[in-house]
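Okay, so here's the structure we're looking at.
The values are calculated or read from the model by the stated rules, or taken from the named source; none is laboratory data. No experiment lies behind these values; they were computed from the predicted model shown. Cβ placement follows ideal geometry from the backbone for every residue including glycine, while neighbour counts extend to all protein chains displayed. Note: areas computed on protein heavy atoms with side chains; ligands, DNA, RNA excluded. Shrake-Rupley method; radii C 1.70, N 1.55, O 1.52, S 1.80 Å.
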Amino acid sequence: MVSNSSQRIVLELPPDTAFLPATVAATENACKVFGLDGGKTLRLALAVEEFFAYLCRHAGREEPIRLTLSQGGTFARADFRFRAGEVNLRALNFAASVDLEEEGGAELGLLVAARTTDRCDLERSGPDVFHLRAEVDRSYPKGEPITAAQQLAPPLRLDHAPASGALQHAALLAAGRYPTRLRPNSFSQPARFADMVAAGQYHALLALDAADRPAGLLCWRDSGRRAVVFSGPYVFDPAHAAETARLLTEGFLSRVARTEALCAYSERPTADLPQGWFESLGSLTLHCLESSPEGEAVDQPAHFRHLREDAGAAIWAHADLHPFLRREYDRLAFSRDVLAAAPTDPARLPAYSLLATSLDRARGLAVLRPLLDGRDLQANLAAHVASISEQGLRDILLHLDLSEPWQGALAPALAACGFEPRLVLPHAGKSDILVCQHVSGHC
């Protein structure tokens, strides 16, 4: 089945390696349509080949494996939907090592697939239904940041549907004026940022002067089901900074207030955010790599604002997290039922856990997300901390979705590996997201 409007191809395949050539051929042909170059096409095709070969051995036999190939604007994605009572995908872990003799080295293919793609993810959509995804980004040239300040000619106005060229210009101006920790990485690849906006991955507002020159930029995206996360505001002429920031923030709040989002938050608002318009969520301790190769530790605040009344929610958390969560929920006036999450009996857990790892080398930042629980979770997490630190990344965060009892129950393992709770991001996942930060010198 092919959908031209969404550039999506869906294949239903028997779990039989005889269909492997057809699977790879479909991926290669789809990637050409999706705009991937030859090297990137081979990377996704290799991942599809290895994933399908592995699932032919381990997925259930009662129904086909469904492969969806899609174009995400700036990337191509392969999504395998399959049934399985239990999955062992430990080779997809960033810190994974495999035994070449185990199962004839079958895990080596998964390890190779994870290393050749830009992102791998796993989602459980039912008791025994999984989605295994791999993504490869399109290639974009880097741009040269513009460091000279704009000299604007008022009056200023908002552009709610900025053209690609204007977005690229604004991204380069922001890259020249703001440190890496305060802006999306796509600003350094301005054509990619413009394509992300065109594809709906980001939304953006521009402030323009009387000569249609960029005066400022604010961008945002959906986070979870009922929140938006924003970056900015970025202003390009110090003489009009307050006016530009106010114009952008008013326009942003007006836009998102018409959506179903309950709140807006940012883990990297700039100092130009109008004072008193947002409330503090707390802060993270991050390293500013622009100051030195080691990076000077800086306090990075996080802010949020309700867009409509929050009717409350129930979240799950281990007893060790209750003091922090109750203090934060009381301070922020969030109505939450904090339910006790007890660790799963090890006898009922699979042997191996799985963590998603997002590396932001430009900011020296890694973000971990638990995907599958397992008896080895603490050891796996410790191995990830060690591997990430060896790569030279100083800042390590871990996001827990508190809608999942098993994630809320991971507090003892996190504490043993040096993670401390720092922020609650309201409605940022299926429910609230708890951001834990690794304390240097632990684990």
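Computed from the Cα positions only, the extents of region 384-437 along the three principal axes stand at 33, 20, 15 Å, in decreasing order. Note: relative contact order over region 301-443, using C-alpha pairs below 8 Å and six or more positions apart, is 24 percent.
About its Cα centre, the dipole of region 175-241 is roughly 360 debye, where the only charges are +1 on Lys and Arg Cβ and -1 on Asp and Glu Cβ.
Which is the longest part of the chain that has none of the GluC sites (Glu not before Pro) sitting in a DSSP loop with at most 16 other Cβ atoms within 10 Å? Don't skip to the end; give the middle numbers.
Numbers: sites that count: E62, E86, E101, E260, E290, E294, E309.
Counting at most 16 other Cβ atoms within 10 Å as exposed, the longest clean stretch of the chain is 102-259.
Against the chain, whose longest principal axis comes from its Cα atoms, helix 38-58 is set at around 40 degrees.
Compared with the dominant Cα axis of the chain, that is its longest principal axis, helix 322-332 is turned about 30°. Normalising the average separation of contacting C-alpha pairs (under 8 angstrom, six or more residues apart) by the number of residues puts the relative contact order of the chain at 11 percent. Compactness of region 42-161 is given as radius of gyration and Dmax, 20.6, 70 Å, from Cα positions. Helix 377-390 and the long axis of the chain differ in direction by around 50°, with both axes built from C-alpha atoms. Applying the Kirkwood pairwise sum to the alpha-carbon positions of the chain produces a hydrodynamic radius of 23.4 angstrom. Rolling a 1.4 Å probe over the protein heavy atoms of the chain, with every protein chain left in place, gives an accessible area that is 50 percent carbon and sulfur. Between the listed residues A340, C417, H58, the Cα displaced farthest toward the positive end of the dipole of the chain, a dipole computed from Cβ unit charges relative to the Cα centre, is found at A340.
Positive end of the dipole of the chain (Cβ unit charges, origin at the Cα centre): among L108, F94, T357, the Cα lying farthest that way belongs to T357.
Under 25 Å of direct C-alpha separation, and excluding same-chain neighbours fewer than eight residues apart, K142 reaches these lysines: K32, K40. Rg and Dmax, both from the Cα atoms of region 319-386 and both in Å, are 15.8, 41. A DSSP coil position with no more than 13 other Cβ atoms inside 10 Å describes the following trypsin sites (Lys or Arg not before Pro) in region 252-326: R258, R308.
For region 223-292, which semi-axes, largest first and in whole Å, follow from the square roots of 5 times the eigenvalues of its Cα gyration tensor? Write down the numbers at each step before the final one.
Working: eigenvalues 98, 70, 20 Å².
Ellipsoid half-lengths, sorted descending, are 22, 19, 10 Å.
With an 8 Å Cα cut-off and a minimum separation of 6 or more residues, compute the relative contact order for region 4-124 in percent.
Numbers: 160 pairs, mean separation 34.1, N = 121.
About 28 percent, as a whole number.
Here region 283-428 is treated with +1 on each Lys and Arg Cβ and -1 on each Asp and Glu Cβ, and its dipole about the Cα centre works out to around 200 debye. Electrostatic bookkeeping for L359 treats Lys and Arg as +1 and Asp and Glu as -1; over the other residues with beta carbon under 13 Å from its beta carbon, the sum is +2.
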